[in-house]
2 protein chains.
Amino acid sequence: MPRWVRYRHADGRTSFGTLDGERVVEHAGDLFASREPSGMAFALADVKLLAPCTPSKIVALWNNFHALGAKLGKKAPAHPLFLIKPSSSLAGPGDAIRRPSGYAGRIAFEGELGIVIGRECRDVSVDEAHRFIFGYTCVNDVTAIDLMNENADFVQWCRAKGSDTFGCIGPAIARMFDWQSARIVTRVDDVERQNYPLSDMIFSPEEQVSLISRDMTLFPGDVIACGTSLGVGSIKDGATVEIAVDGIGTLSNRLATGAFVEAGAA
Amino acid sequence: MPRWVRYRHADGRTSFGTLDGERVVEHAGDLFASREPSGMAFALADVKLLAPCTPSKIVALWNNFHALGAKLGKKAPAHPLFLIKPSSSLAGPGDAIRRPSGYAGRIAFEGELGIVIGRECRDVSVDEAHRFIFGYTCVNDVTAIDLMNENADFVQWCRAKGSDTFGCIGPAIARMFDWQSARIVTRVDDVERQNYPLSDMIFSPEEQVSLISRDMTLFPGDVIACGTSLGVGSIKDGATVEIAVDGIGTLSNRLATGAFVEAGAA
């Protein structure tokens, strides 16, 4: 079960490859098309892991878990309910989460499974959807929670969830991942805050890909964030959030304190 | 006042240039960086105009005109209210608008002004915002209106407005455009349906760029759709919608009839 990562060398060059213990085995080509080992390998300690893919969009679901829907008193939807997080929101493992300019309100974590699309996909059936899924990653669907309902006439989903560094994904993309038996575990400063089974999803990954592909074309590297379940909460400045999934790895991001901090500096 | 277009030759090669009567004057380089005339020019009749830029995201405003807000009984917002239309929604002049798969409901037109970003832009002031605006284009913010409120718990802005071909922009990008004195005129099959002054905007283009750049980084080629005003309505299958702005041009798109039609085939 290879796990794919992207990374940057100290000289700024970026590449991708598979994890092998404490090493990364470099590959050449296109992650989603033809690729082969380059013959090189590097110590993980010598490279900076990046977001494992560069989505043109992140499609982020709301109300996709029975347990959270029951708690909120919401009926299971008939079609995935989603917003778009733009490509500018992308952050990778270890990147700092940054407050939007001038925003002093609460910032929430949401640990989620991410589906990584492998092939361009439009109007595909549930049965064939698995052929368009490259693999799975961890997502922290960061949210400026106090912006959401700031205006009484319009729930600001895209603004509250679309800021730079609010689309944290990684550390790796796992293929042949058995989501039915996996759990999302979220820890804030080592305290467990979420631990829920992916089997509680309302729409399976294959249903999400099929139904969303009827709404819009999905491209290789696009990510569907499957929605979160019980236990979401806010992050104090300086706290570190970990989203851990057995078989994928642990995505760790710290909410920057004080002034502007460049992504990757944490 | 040059007007910039992108276009495709019959052999599939794409390029960009300025309009000069019935000709396009080809340029080489990068529209948003260094560019110069290539020395070639082509008859407009011999090329297919494309969307004049390729946004990574379209930020689409809601409730940005006093007249429409008054009609709907909505207060002017304190910050631009927006959703994201993904890059996959892009369509250019003459492209067919296509129904989402399986959707038989109403499709609405919304004639709007589009701001085209020229330089990467994050947290800029209103005073400096003009330096990040490359120019202006016409937008048809197409909407599958019956999807919007299909679910009682979640207004589906991104789904209803995010389908392929629902982000129509063009035909050109005008620089040095005097938006204060311009009007948006929308015609459906030659019948005027919208005719409103841009001076009625709640947030000026400079305010939009400044305030949205506090929420997220804007990239060269990104488009802000400034929101619409009075007169929006639905489009019958086969009808042609024109969004016309003096100084920019006329963006024309037809709602395809029947089965799937490739973009550009209309």
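Can you tell me which residue within segment A:44-63, out of those that are touching a Leu at 6+ places or on another chain (Cβ under 6 Å) and assigned to a strand (DSSP E or B), is surrounded by the most Cβ atoms within 10 Å (Cβ to Cβ)? Result: A:ALA60.
Among the numbered criteria (1) charged (D, E, K, R); (2) touching a strand residue (DSSP E or B) at 6+ places or on another chain (Cβ under 6 Å); (3) in contact (Cβ under 8 Å) with a residue 60 or more places away in the chain, which one does A:GLU242 miss? With respect to (1) charged (D, E, K, R); (2) touching a strand residue (DSSP E or B) at 6+ places or on another chain (Cβ under 6 Å); (3) in contact (Cβ under 8 Å) with a residue 60 or more places away in the chain, A:GLU242 is out only on (3). Please go through segment B:89-101 and give me each residue that is surrounded by fewer than 21 Cβ atoms within 10 Å (Cβ to Cβ) and either acidic (Asp, Glu) or over 13 Å from B:THR257 (Cα atoms) (or both), ordered by number. Scanning segment B:89-101 gives a single hit, B:GLY94.
Let's see how each residue does on (1) in the same structural domain as A:SER229 (by TED's automatic domain parsing); (2) acidic (Asp, Glu):
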residue	(1), (2)
A:ASP11	no, yes
A:PHE16	no, no
A:GLU22	no, yes
A:PRO37	no, no
A:ALA67	yes, no
A:PHE82	yes, no
A:PRO93	yes, no
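If I go through segment A:46-63 residue by residue, how many of them are under 15 Å from the mean Cα position of the chain (by Cα) and more than 7 Å from chain B (Cβ to nearest Cβ)?
Start the filter on segment A:46-63 by keeping residues that are under 15 Å from the mean Cα position of the chain (by Cα), which leaves A:49-62.
Next cut, more than 7 Å from chain B (Cβ to nearest Cβ) only: A:49-55, A:58-61.
Final tally of qualifying residues: 11.
Using the structure shown, decide if B:SER210 is small (Gly, Ala, Ser), farther than 30 Å from A:VAL209 by Cα, touching a helix residue (DSSP H, G or I) at 6+ places or on another chain (Cβ under 9 Å) and in a loop (DSSP other than H, G, I, E, B). In short, no.
So which of B:ARG106, B:ARG99 ends up being among the basic types (Lys, Arg), in contact with a strand residue (DSSP E or B) (Cβ under 7 Å, 6 or more places away or on another chain), over 27 Å from B:GLN180 (Cβ atoms) and within 12 Å of chain A (Cβ to nearest Cβ)?
Numbers: B:ARG106 fails: within 12 Å of chain A (Cβ to nearest Cβ).
One residue alone meets the criteria, B:ARG99.
Listed by first and then second residue, the pairs with beta-carbon distance under 7 Å, at least 6 apart or on different chains, first residue in segment B:64-93 and assigned to a loop (DSSP other than H, G, I, E, B), second modelled with pLDDT of 95 or more and of a type in the set (Phe, Trp, Tyr), are B:ASN64/B:PHE203; B:PRO80/B:PHE203. Which one of these does A:GLY221 not meet: (1) buried (at least 22 other Cβ atoms within 10 Å of the Cβ); (2) within 23 Å of B:SER88 (Cβ to Cβ); (3) within 14 Å of another protein chain (Cβ to nearest Cβ)? All conditions pass for A:GLY221, except number (1).
Check segment B:26-45 and report whether any residue there is within 14 Å of chain A (Cβ to nearest Cβ) and at positive phi. Before the answer, list the steps.
The first filter runs over segment B:26-45 and keeps only residues within 14 Å of chain A (Cβ to nearest Cβ), leaving none.
No, the conditions are met nowhere in segment B:26-45.
Among the residues of this structure, A:TRP4 counts as one that is within 19 Å of A:PRO93 (Cβ to Cβ) and surrounded by 20 or more Cβ atoms within 10 Å (Cβ to Cβ).
Each residue in segment B:66-88 was checked for being under 20 Å from B:ILE243 (Cβ atoms), more than 7 Å from every other protein chain (Cβ to nearest Cβ) and crowded, with 24+ Cβ neighbours inside 10 Å, and 1 pass. The residues listed here are A:GLY249, A:GLY231; of these, the one that is buried (at least 18 other Cβ atoms within 10 Å of the Cβ), of a type in the set (Gly, Ala, Ser) and within 15 Å of the chain's Cα centre (by Cα) is A:GLY249.
Scanning segment A:208-220 for any residue that is closer than 23 Å to A:LYS75 by Cβ and polar (S, T, N, Q) turns up at least one such residue. Here A:SER213, A:SER163, A:SER181 are screened, and the one residue that is touching a Pro at 6+ places or on another chain (Cβ under 9 Å), small (Gly, Ala, Ser) and at the interface with chain B (Cβ under 10 Å from one of its Cβ atoms) is A:SER163. Assess whether A:THR228 counts as being touching a Gly at 6+ places or on another chain (Cβ under 7 Å), of a type in the set (Val, Ile, Thr) and part of a loop (DSSP other than H, G, I, E, B). Spelling it out, A:THR228 is indeed touching a Gly at 6+ places or on another chain (Cβ under 7 Å), of a type in the set (Val, Ile, Thr) and part of a loop (DSSP other than H, G, I, E, B). Only residues that are farther than 26 Å from A:ASP246 by Cα, surrounded by 24 or more Cβ atoms within 10 Å (Cβ to Cβ) and of a type in the set (Phe, Trp, Tyr) were counted across segment A:137-185, and they come to 1. For segment A:34-86, a residue qualifies if it is charged (D, E, K, R) and under 21 Å from B:SER101 (Cα atoms), and exactly one does: A:LYS57. One residue stands out in segment A:118-131 among those that are in contact with a helix residue (DSSP H, G or I) (Cβ under 6 Å, 6 or more places away or on another chain) and not small (Gly, Ala, Ser): the one that is farthest from A:PHE219 (Cα to Cα), namely A:VAL126.
The values are calculated or read from the model by the stated rules, or taken from the named source; none is laboratory data. What you are looking at is a predicted structure, and each value in this text was computed from that prediction instead of being measured. FYI the Cβ positions are ideal-geometry reconstructions off the backbone, even for glycines, and counts take in every protein chain you see.
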